[in-house]
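A short write-up of the structure that comes next.
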Amino acid sequence: MAILKTEELTYIYSEGSPFEKTAVDHVSIEIDEGEMVGIIGHTGSGKSTLIQHFNGLLKATSGKVLLDGVDIWADKTKIRDVRFKVGLVFQYPEYQIFEETVYKDIAFGCKNMGLDDTEIKRRVLETASDIGLPEELLKRSPFELSGGQKRRVAIAGVMAMKPEVLILDEPSAGLDPAGRDKIFECIKNYHGKYKNTVLIVSHSMEDTASFADKILVMNKAKVFCYDDTVNVFERAEEITQIGLDVPQITKVFIELKKRGLDFEKEVYTVDYAKELLLKYLKKGK
């Protein structure tokens, strides 16, 4: 069942002015409950504008966004409730940290929901554990933490609200490899534990390939493709033609295929490549 659906969604910046630009152009997609979806595309492809429609931060020029089958703008007085159900973590969310302690920062969204102190405490402790923050850090100022820890604090503040849909815009941007891996590990564990819907915007097909059930590729404000991850990688050469980079391991297997080594499926992770090669070698090929 689709938890999020768009119908001919279009958004035009500065409509009617000389600076008019269509950022999202007649996008119709369905995202099923419990899926982990990667959204990729160039800067300016429309991906960040698209996700801001999912919780009503932007209102479409035309078309609809449906949450659990209901138009999110059908009743404007309930748009705040939509934002509790669809949590959005912006790029570089640590710049929005402002509280005195890590605990208070993670608790901020829960307080806005009107939860009592006991429930807030339970959620803060649980989410801190989920995101890999030791309990002793909760009393410290978030500004004393490392860049990766600050990022996790900011993400935890949205996770603690228990949204039905969690959207993260470039969650690993600017982090070193260790910090990036930790962020993705925490997000994958969170998704595995709560089985909610997670959308991750990324420039990196390599990162997206490691977690996504489905991939939405945006190009020039339109949907280039939206399908199961394995099916998207069957179009790897088309994707490179629009200027997006596929994982290095995919490039290797494309070259192997050109040299006559035919594998059953497209390869987009190192672990799967290893599995395929071992099977291939065992057959004496």
Checked region 218-257 for anything within 19 Å of the chain's Cα centre (by Cα) and of a type in the set (D, E, K, R); matches are LYS222, ASP227, ASP228, ASP245
Review point. Do we have LEU88 as modelled with pLDDT of 95 or more and assigned to a loop (DSSP other than H, G, I, E, B) here?
Key: no
Considering region 129-149, residues that are farther than 18 Å from PHE98 by Cβ and assigned to a helix (DSSP H, G or I), and then whichever is farthest from the chain's Cα centre (by Cα), we arrive at GLU136
In region 185-239, anything among the aliphatic types (A, V, I, L, M) and either touching a helix residue (DSSP H, G or I) at 6+ places or on another chain (Cβ under 6 Å) or under 16 Å from GLU164 (Cα atoms) (or both) is listed as ILE187, VAL198, LEU199, ILE200, VAL201, ALA212, ILE215, MET218, ALA236
Considering region 21-45, residues that are part of a loop (DSSP other than H, G, I, E, B) and modelled with pLDDT under 95, and then whichever is surrounded by the fewest Cβ atoms within 10 Å (Cβ to Cβ), we arrive at THR43
When every residue in region 56-75 that is within 17 Å of VAL165 (Cβ to Cβ) and acidic (Asp, Glu) is compared, the one surrounded by the fewest Cβ atoms within 10 Å (Cβ to Cβ) is ASP71
Report task. Restrict the check to region 165-175 and report whether at least one residue is under 30 Å from HIS42 (Cβ atoms), in contact with a Gly (Cβ under 6 Å, 6 or more places away or on another chain) and part of a loop (DSSP other than H, G, I, E, B). Result -> yes
How many residues of region 109-123 are part of a helix (DSSP H, G or I) and surrounded by 10 or more Cβ atoms within 10 Å (Cβ to Cβ)? The answer is 10
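Residues checked against (1) on the phi > 0 side of the Ramachandran plot; (2) out of contact with any Ser or Thr (no Cβ under 8 Å at 6 or more places or on another chain):
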{"residue": "ILE97", "(1), (2)": "no, yes"}
{"residue": "ILE120", "(1), (2)": "no, yes"}
{"residue": "SER129", "(1), (2)": "no, yes"}
{"residue": "GLU136", "(1), (2)": "no, yes"}
{"residue": "PRO142", "(1), (2)": "no, no"}
{"residue": "SER146", "(1), (2)": "no, yes"}
{"residue": "ARG151", "(1), (2)": "no, yes"}
{"residue": "ALA154", "(1), (2)": "no, yes"}
{"residue": "GLY174", "(1), (2)": "yes, yes"}
When CYS225 is run through (1) buried (at least 18 other Cβ atoms within 10 Å of the Cβ); (2) under 20 Å from VAL267 (Cα atoms); (3) touching a Lys or Arg at 6+ places or on another chain (Cβ under 8 Å), the failure sits at (1)
THR49 fails exactly one of (1) over 17 Å from GLU8 (Cβ atoms); (2) part of a helix (DSSP H, G or I); (3) hydroxyl-bearing (Ser, Thr, Tyr), namely (1)
Exactly one of GLU15, GLU8, GLU20 is among the acidic types (Asp, Glu), over 29 Å from PHE233 (Cβ atoms) and touching a residue at least 12 places away in the same chain (Cβ under 8 Å), and that residue is GLU15
Scanning region 92-108 for residues that are acidic (Asp, Glu) and part of a helix (DSSP H, G or I) gives GLU94, ASP105
Scanning region 189-230 residue by residue, the ones that are among the aromatic types (Phe, Trp, Tyr), under 16 Å from GLU35 (Cα atoms) and touching a residue at least 60 places away in the same chain (Cβ under 8 Å) total 3
Considering region 80-93, residues that are out of contact with any Gly (no Cβ under 7 Å at 6 or more places or on another chain) and not aliphatic (A, V, I, L, M), and then whichever is surrounded by the most Cβ atoms within 10 Å (Cβ to Cβ), we arrive at GLY87
In the set LYS59, LYS78, LYS64, the lone residue that is outside any helix (DSSP H, G or I) and farther than 24 Å from ASP227 by Cα is LYS59
Wholly inside region 183-285, strands (runs of 3 or more DSSP E) that include 1 or more residues that are charged (D, E, K, R), within 29 Å of ALA156 (Cβ to Cβ) and modelled with pLDDT of 90 or more are 214-219
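The values are calculated or read from the model by the stated rules, or taken from the named source; none is laboratory data. These numbers were taken from a predicted model, which means no experiment stands behind them. Here the Cβ is made from the backbone with ideal geometry for all residues, glycine too, and neighbour counts use every protein chain on show.
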